[in-house]
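Visitor: This is the structure, below, for whatever I ask next.
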Amino acid sequence: MGLTIAQKIIKEHLIEGEMVAGQEIALKIDQTLTQDATGTMAYLEFEAIGISRVKTELSVAYIDHNTLQSGFENADDHRYIQSVARKHGIRFSRPGNGICHQVHLERFGKPGKTLIGSDSHTPTGGGIGMLAFGAGGMDVAVAMGGGVYHITMPKMIKVNLTGKLSPWVSAKDVSLEILRILSVKGGVGYIIEWGGEGVKTLSVPERATITNMGTELGATTSIFPSDEATRAFLAAEGREEDYTPLESDPDAVYDRVIDIDLSSLEPLLACPHSPDNIKKASELSDMKVDQVCIGSCTNSSLRDMLRVAAILKGKKIHDSVSLSISPGSKQVLSMLADCGALTDMIAAGARILECACGPCIGMGFSPHSAGVSLRTFNRNFEGRSGTKDAQVYLVSPEIAAASSLTGYITDPRMLGDYPEITVPDAFKINDTAVLMPADENEAADVEVVRGPNIKPLPDARPLTDTITAPLTLKVGDNITTDHIMPAGAKILPYRSNIPYLSKFCFSVCDENFAERALLAGNSIIVGGSNYGQGSSREHAALVPLYLGVRIVVAKSFARIHVANLINTGILPLTFQNPDDYEKLTEGDELELCGLTEAIKTGEVTLTDKTNGEKIPLTCDFSERQIDMLLAGGLLKYTAGK
């Protein structure tokens with residue numbers, strides 16, 4: 001039986017376990033990346049492990065999230081990351097050099113390599129044929145130290161593409177179509193491989209848009225073949241020697257096959273407040289638009305930006321619309337300036353923002369109250385934009401540019417002929433904003449600089465046999481890590497200060513939760529289906545840990561978040577019967593006994609001491625995960641080994 005592309009890479013990197021779906025495996029990791037919203041914690045964790053030099057082929061620290069320096073906090077974090085990177089053998093991408101996924105695709109991604117990053121959209125690297133995973137900072141820290149990365153061996157979905165995209169239809173519409181088919185939960189437990197004759201019509205940046213959005217499906221990762229389009233992209237970046245052809249075997253077996261005819265697609269958008277709330281752009285032509293944001297790791301490539309500039313050229317944005325454009329990298333911005341496209345954008349009335357995540361992470365450019373914002377981003381969760389009652393729609397660059405001109409959601413096909421663009425055969429290479437680390441002889445003299453906002457990690461506690469605690473919060477389905485630990489310009493500067501950050505935990509759901517949890521000492525949270533979807537931010541586990549959360553019980557969990565809970569020593573359990581969720585009420589006193597044995601058998605009983613209910617729960621932990629929980633999390637487990 002033949003192998004899929006992902007299975008081939010897994011086989012080459014397999015250190016522990018067998019390639020049997022559902023079993024835990026351990027992979028050798030070639031490359032890591034971090035960004036500054038999660039990176040400070042990742043490097044504090046790396047330092048705690050006590051290894052002097054990273055063991056990976058390549059590790060890069062990017063500054064792209066917390067670039068708004070309205071106080072000393074972000075600048076201090078950047079200084080810390082730069083110093084720790086220089087000391088420990090990590091390359092440092094300076095603020096303004098670009099978004100981690102865009103820059104990594106341009107300058108460092110290699111087909112056939114493994115990559116993990118402390119950002120959930122690290123699967124963007126699948127567009128160039130990498131096996132790339134989003135992960136918590138602790139997992140990245142362990143990988144940098146030479147440790148393996150553990151995942152549950154996924155099943156495989158093949159998306160078979162035929163035909164070719166019509167004018168005004170883009171890769172973003174492919175992403176939204178697969179979200180329409182599968183939903184935000186439909187990819188859980190799977191790697192999604194894109195193939196078929198239609199793949200040959202897609203460039204690497206277009207493929208990267210699709211693998212980037214695969215994260216919103218809950219997929220373990222997504223991947224494209226490495227072919228002549230990959231070779232051409234790498235050649236344009238001046239590194240054709242990094243090219244390796246990759247394709248699945250003709251007799252590879254998939255657990256599910258989905259067919260999409262690219263020529264049948266039309267412009268789509270995701271309506272508030274979920275990436276899978278899909279409608280056709282033509283159905284919403286009477287929706288007035290207040291704001292348009294173009295950029296993010298999903299749609300900030302040179303190809304995307306040239307298309308936007310061509311649509312805007314010689315025109316003026318509507319008086320009622322505020323338009324921002326964030327090029328994905330310094331390389332993209334420089335080439336836009338050189339060819340005149342940047343001038344066309346500015347002349348049309350666009351505000352050009354820094355090469356960074358910016359509005360996508362709530363770092364500035366929030367909509368006005370109840371405003372309608374069209375964004376070429378990957379998430380439209382409630383409040384993520386920085387405005388709680390904003391109505392955020394996810395769209396392609398074509399819809400975004402067209403709508404900025406008309407003031408209404410606009411099917412871009414209404415604009416007439418599709419403007420032609422030319423993507424150069426060679427890109428402008430300038431890596432001066434990527435700082436190299438000190439060599440091993442100099443590293444001992446490098447001082448790691450910590451500002452006053454950088455606080456120690458919260459102390460995880462080993463699992464006890466009995467836990468008795470109140471149910472301090474009960475939430476519903478599809479709770480995101482943005483709900484658990486919000487981002488935004490007011491909160492992100494405190495990512496390295498867990499005590500202060502804890503004030504905002506679950507504030508989107510319940511403004512009094514943090515105070516209530518602290519008073520309780522120990523507490524339990526109950527959630528619905530797909531608990532913890534979205535960002536890989538381990539703060540969504542570290543902060544509840546600080547607040548005394550010992551257990552989270554849910555109908556089901558998102559992949560990265562459940563790993564982060566175990567990494568921090570919080571016990572994740574699922575309802576054996578999802579209907580039992582209804583039997584628990586916030587404020588009830590709950591008790592779980594015999595846990596040290598129960599987590600081995602997978603059968604746990606929760607007793608609601610308030611109403612007398614006994615509720616069966618389940619878990620399915622590997623031996624390693626059991627040992628981690630008993631030790632008090634990944635860092636204590638690693639230190640013990």
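Visitor: Going through the stretch 150-171 one residue at a time, which ones are closer than 21 Å to Thr376 by Cβ and in contact with a Leu (Cβ under 8 Å, 6 or more places away or on another chain)?
Guide: Leu165, Ser166, Trp168, Val169, Ala171 - these are the residues of the stretch 150-171 that are closer than 21 Å to Thr376 by Cβ and in contact with a Leu (Cβ under 8 Å, 6 or more places away or on another chain).
Visitor: Restricting attention to the stretch 285-299, and to residues there that are of a type in the set (S, T, N, Q) and within 16 Å of the chain's Cα centre (by Cα), which single residue is surrounded by the most Cβ atoms within 10 Å (Cβ to Cβ)?
Guide: That would be Asn299.
Visitor: Restricting the search to the stretch 474-494, which residues are crowded, with 24+ Cβ neighbours inside 10 Å and assigned to a strand (DSSP E or B)?
Guide: Thr480
Visitor: Sort out for me the strands (runs of 3 or more DSSP E) sitting completely within the stretch 74-175 that have 3 or more residues that are touching a residue at least 40 places away in the same chain (Cβ under 8 Å), assigned by TED's automatic domain parsing to the domain that holds Gly214 and surrounded by fewer than 24 Cβ atoms within 10 Å (Cβ to Cβ).
Guide: 149-152, 155-162
Visitor: Which pairs do you get when a residue that is part of a strand (DSSP E or B), found in the stretch 588-616, comes within reach of a residue that is of a type in the set (Ser, Thr, Tyr) and loosely packed, with under 14 Cβ neighbours inside 10 Å, reach meaning Cβ atoms under 9 angstrom, with the pair 6+ apart or on two chains?
Guide: Within 9 Å, the pairs are Glu591/Thr466; Leu592/Thr466; Asp608/Thr585.
Visitor: I've got another one for you. Go through (1) charged (D, E, K, R); (2) surrounded by fewer than 16 Cβ atoms within 10 Å (Cβ to Cβ); (3) touching a residue at least 12 places away in the same chain (Cβ under 8 Å) one by one and return the number of the condition Asp580 breaks.
Guide: (2)
Visitor: Also: Pick out the one residue from Leu435, Leu457 that is touching a helix residue (DSSP H, G or I) at 6+ places or on another chain (Cβ under 9 Å) and modelled with pLDDT under 95.
Guide: Leu457
Visitor: Among the residues of the stretch 332-389, write down those that are modelled with pLDDT of 95 or more, surrounded by fewer than 24 Cβ atoms within 10 Å (Cβ to Cβ) and among the basic types (Lys, Arg).
Guide: The answer is Arg351, and nothing else.
Visitor: For the stretch 447-465, does any single residue satisfy the condition of being out of contact with any Phe, Trp or Tyr (no Cβ under 7 Å at 6 or more places or on another chain), surrounded by 15 or more Cβ atoms within 10 Å (Cβ to Cβ) and within 25 Å of Asp580 (Cβ to Cβ)?
Guide: Yes, some residue in the stretch 447-465 is out of contact with any Phe, Trp or Tyr (no Cβ under 7 Å at 6 or more places or on another chain), surrounded by 15 or more Cβ atoms within 10 Å (Cβ to Cβ) and within 25 Å of Asp580 (Cβ to Cβ).
Visitor: In the stretch 551-577, what residues are touching a Gly at 6+ places or on another chain (Cβ under 6 Å) and surrounded by fewer than 20 Cβ atoms within 10 Å (Cβ to Cβ)?
Guide: Correct list: Lys555 only.
Visitor: Among the residues of the stretch 527-544, write down those that are buried (at least 24 other Cβ atoms within 10 Å of the Cβ) and within 22 Å of Leu606 (Cα to Cα).
Guide: Gly527, Tyr531, Gly532, Ala541, Pro544
Visitor: Given the options Arg207, Arg180, Arg231, name the one that is buried (at least 19 other Cβ atoms within 10 Å of the Cβ) and over 24 Å from Ile25 (Cβ atoms).
Guide: Arg207
Visitor: Restricting to the stretch 497-546, count the residues that are touching a Phe, Trp or Tyr at 6+ places or on another chain (Cβ under 9 Å) and at positive phi.
Guide: Final tally of qualifying residues: 4.
The values are calculated or read from the model by the stated rules, or taken from the named source; none is laboratory data. Keep in mind that this is a model prediction, so the values were computed, not measured. Cβ sites come from the backbone with ideal geometry, for glycine too, and all protein chains shown count toward neighbours.
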